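**Student:** First the structure, then my questions, so here it is.
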Amino acid sequence: MIAEMAADKNGAEKRVKDAYAKAQEYQSKFNDVITFVDPEEQLKDLSAEGLMRGVPVVLKDNVNTKGIRTTAGSRILSTY
């Protein structure tokens, strides 16, 4: 499935944007995402090639990510 997504060069951006919109749609119901990152911001830093390009990914908030707030769901880490 990932290889099929990677082969679909034209659909990568649309797939990421659609997943982002769906996550935002369900946010009020599940409150499961702490920090949303603009897909345009993420896509601009990726190379045009690569197996994971255009594969929507959600990371647990205890995985430290450069330039993105990481709270592990704790108010103590709200500014970390």
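The values are calculated or read from the model by the stated rules, or taken from the named source; none is laboratory data. Just so it is clear, the model here is predicted, and its values are computed rather than measured. Here the Cβ positions follow ideal geometry from the backbone for every residue, glycine too, while neighbour counts run over all protein chains shown. The protein model used for the area step is the full one, side chains on, heavy atoms only, and it has no ligands, DNA or RNA in it. Shrake-Rupley method; radii C 1.70, N 1.55, O 1.52, S 1.80 Å.
**Student:** Angle check, please: helix 12-30 long axis (alpha carbons) against the longest principal axis of the chain (alpha carbons), in degrees 0 to 90, nearest 10.
**Tutor:** Long axis of 12-30 versus the principal axis of the chain: about 30 degrees.
**Student:** Could you point to the residue in Val33, Gly73, Val16 farthest towards the positive end of the chain's charge dipole, with +1 and -1 charges on the Cβ of Lys/Arg and Asp/Glu respectively?
**Tutor:** Final value for the positive-end residue is Gly73.
**Student:** Rounded to the nearest 500, what is the chain's calculated 222 nm mean residue ellipticity when only DSSP H runs of at least 4 contribute -39500 (n - 2.57) each, over all residues? Could the numbers behind the result be given before it?
**Tutor:** Working: 3 runs with 31 residues, N = 80.
After summing the helix terms and dividing by the residues of the chain, the value is -11500 deg cm²/dmol.
**Student:** Hey, can you find the accessible area per residue of the chain for me, probe 1.4 Å, expressed in square angstrom?
**Tutor:** In whole numbers, the chain has 79 Å² accessible per residue.
**Student:** How large, in percent, is the carbon and sulfur part of the accessible surface of the chain at a probe radius of 1.4 Å? Mind dumping the intermediate values first?
**Tutor:** On the way: 3490 of 6300 Å².
Reported share for carbon and sulfur atoms: 55 percent.
**Student:** For a distance above 21 Å, tell me the whole-number percent of Cα pairs in the chain that qualify. Numbers along the way, then the final one.
**Tutor:** Numbers: 1150 of 3160 pairs.
Every Cα pair in the chain considered, those over 21 Å come to 36 percent.
**Student:** Order these peptides, 72-78, 19-25, 51-57, by their mean beta-carbon neighbour count within 10 angstrom, highest first.
**Tutor:** Numbers: 72-78: 10.1, 19-25: 12.9, 51-57: 14.7.
Ranked from most to least packed, the peptides come out as 51-57, 19-25, 72-78.
**Student:** So what is the relative contact order of the chain, in percent, for Cα pairs below 8 Å that sit 6 or more residues apart?
**Tutor:** Once divided by the residue count of the chain, the mean separation gives 31 percent.
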